[in-house]
1. Return one whole number: the accessible area per residue of the chain in Å², for a 1.4 Å probe.
2. Taking amide H positions as placed in the peptide plane 1.01 Å from N, state which residues far from PHE544 in sequence (5 or more) or on other chains have amide H under 5 Å from it.
3. Over what distance in Å are the Cα centres of region 191-211 and region 437-472 separated?
4. Going out from 0 in 5 Å bins, what whole percent of all Cα-Cα distances in region 329-384 drops into each bin?
5. Sort 427-436, 452-461, 27-36 for me by packing, meaning the mean count of neighbouring Cβ atoms within 10 Å per residue, highest on top.
6. Between PHE574, SER694, LEU57, whose Cα lies farthest towards the positive end of the dipole of the chain when Lys and Arg beta carbons carry +1 and Asp and Glu beta carbons carry -1, centred on the Cα centre?
7. Along Cα→Cβ, 7 Å out, is where each label goes; now give me the distance between the ones at ASN125 and ASN602 in nm to one decimal.
8. What share of all Cα pairs of region 551-660, in percent, falls into each consecutive 10 Å distance bin?
Amino acid sequence: MKNITLIFFLFLSLTGFSQQPLNMRLADSIPVVDAGHQLLYPWAGGINFPKFSAVDLDLDGRKDLFCFDISNNRVMTFINTGTGGSNSYRYAPEYTSQFPEMRGWAVMYDYDCDGREDLFTVPVNNNGIMQYRNESVPGQLIFTLVENQIKADYGGGSYSNILASSFLMPDFNDIDGDGDMDILGQQFFCAGSFAYYKNLSMEQYGVCDSINKYMLETNAWGKFALRGGAYQTVAVGTWNSSCTMSNSTPAELIEQTVARRDDTYAQGYTIDIDGDGDKDILIGDSQAYNTLLVVNGGTNVLAQMVSQDTLFPSYNSPANLSTFTTHAYVDVDHDGIRDLLVGNREFENKHGVLYYKNTGTDAIPVFDHQQNDFLQNEMIDVGDGASAVFFDADADGKKDLIIGYKSVSVGGGNVESGLAYFRNTGTLAQPAFEFVTRNYAGVVAFAIGGPLIPTFGDLDGDLDEDMLIGAEDGRLYYFNNSAGPGQPANFVYTAASYMGIDVGNTAAPQLVDLNRDGKKDLVIGEKNGFINYFENVGTVNSAFFTTTPTNDTLGGVVVQTFGFVDGYSVPFVFDDNGSYRMLVSCMAGKVLSYSNIDGNLNGTFTFDDTLLSQIEGNKYSFLMTVNGADLNEDGYIDLVYGLYGGGVQIYLQRDPSSGISNVFAQNAFSIYPVPASSEIMIRWNDQQRHPVQSFTIRDMLGRELSTVRFSGKEGVIDVQNLSAGIYVLCPDESSRYAAVKFTVLR
């Protein structure tokens, strides 16, 4: 039985760590080529199930692109470079950490008419709609919570939460054309219909920015309902109080295989498709492969749906995806006319972002299909559950990139798990990668259940590195390298259950000489968040492991997410200047650092730091991996993260004695309170000298989050938009004063 008491210490100064903090930077300039084309943003991390919104992130007057990946609650931001065309974006990760923690879905809409798109999402621990006001200033995104639960009058002054959940995403738009934001969402009072919550702000105050002034106007906006069954119909008629329809006229019948629908879970996106001034609706459904257009023949005030297009756009290439299509009407190519982006939220994870260029006008759009992998085609995206490791596959002395993955395609029936191979075509000091294959070592043919997590090491003493793959079933799959020393790897599938090892679910192995006896041991993470140590009790020429772990709670490390029995731990142990350090990634979106490992394999490791905290999202299942090697021959271990979105990010380690890890002799200023929750005060210790007036907040990977300037002996920095975690406050580097760590608690 695994009984562990976890004690977490928050270190507030850079000198309080048993090992020096890693000083990392995102290597987003390393080139990657696929089929002769150099990818624009290869290290963006992949996209599975996106919901897009237009927003001006840098306040330059141009609309940028906000993407919330529903699959892993991850924010991605892309800056409009102003050069025109659908590829005129720059991946801009510096904005992502400035958004609050979100889950389920996130949408941006300017509800207060100030020209800045505000933020709507699901409360983290509840259902409903959470509302943030965008109060950003140049150089800093600021989202202020104004309502934790948007409420509506359901009749007689009885206010209750507007129905929404992680699965039920409402639509935000000016439905009745009076200038304020209304809400349209599915509900369970009248199956298959959409509730219309009218905003009374304009009627009562003459302004659009009032909150919680909603009234349930009807449970059946547009007087229509989705109908499931053997054939698909959309019924149009008159609803009564008992949620039955009279005088209904069924529309055309479409075979279920083309447009079958489940009227229980659906989501709508309103758009004036025909330029008549009222709102029509695009609908995605949890059991449908299509986008359904229902056309309003009434008015904004009295909507009456009169026709449908079950294979929208039927005049072009229909938007058929693997269930639950999502929609966004945004100007993708920056020609002043909004285009259509169609995503999905359940299956297709590699070619699931459809881009339709608007060849008509903004008022009367005509959509022309351009591609099925918008943004995805310009980044490394292998599907989902990417697990990345460095390995010299071609024996040229440079580290290549091997990525385990699981890919699901249209229809939900084609599931593929394999290894993708990106060859390092650069130099020892300057890596560059080129895509070679999605079926490295022929792994796809063995139908191993993903996510697949590979590790490499010499298990038979023949001086080449063999491969073990951890699988979803908790077992290890052994591929012997028959190539010989100095030759490109040639893997031969050898065993489906290596040494009988089975850790339960989602084995995350690493081959590493943990006890430093010259033989490769096994460190294996698993679904429950613990880490197993299997000592190699064989020889250098013939590895041997018992089926029972030597230690099933290595280091006392448990990364279970609060409220869950799972954690999906993925360990990476490496030598850090003569001492082992262990990094562990988990489903909570964190990467944790531990030390005090050497000579302490039966003891408790020391928690040092949090390298990542939800920046790359979180998910209640397998989320991400961490691994590394010295990629650029500078003597420092570099890190590679495999992300659930199917992509990869590389962080190069800089000289630990420089950058944010630099601690100078003079402590020029102090900060308080520590820990902080909303703001921190800066006070100069030398009251006669306060030469630094510019500070940068960085996360533990060295990424710049925001910059603030002020003058005087004291200053205030707002940190309420930072997620819980440890950050570094860096003075102007020219000042040569010390950086100071601080912790934010939520």
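1. Counting only protein heavy atoms, the per-residue value for the chain is 36 Å².
2. Under 5 Å from the amide H of PHE544 lie the amide H atoms of VAL537, GLY538, THR539, each far enough along the sequence or on another chain.
3. Each part reduced to its Cα centre gives a spacing of 56 Å.
4. P(r) over region 329-384, rounded to whole percents: 5, 21, 27, 19, 15, 9, 4, 1.
5. 452-461, 427-436, 27-36
6. Most positive-ward Cα: PHE574.
7. Going by the 7 Å Cα→Cβ label model, 4.0 nm.
8. The distribution over region 551-660 is 14, 44, 34, 8, 0, given as percents.
The values are calculated or read from the model by the stated rules, or taken from the named source; none is laboratory data. Treat the numbers as computed from the prediction; the structure is a model and nothing was measured. Note that we place each Cβ from the backbone using ideal geometry, even for glycine, and neighbour counts take in every protein chain shown. Note: accessible area is taken over every heavy atom of the protein model, side chains too, but ligands, DNA and RNA are not part of it. Shrake-Rupley method; radii C 1.70, N 1.55, O 1.52, S 1.80 Å.
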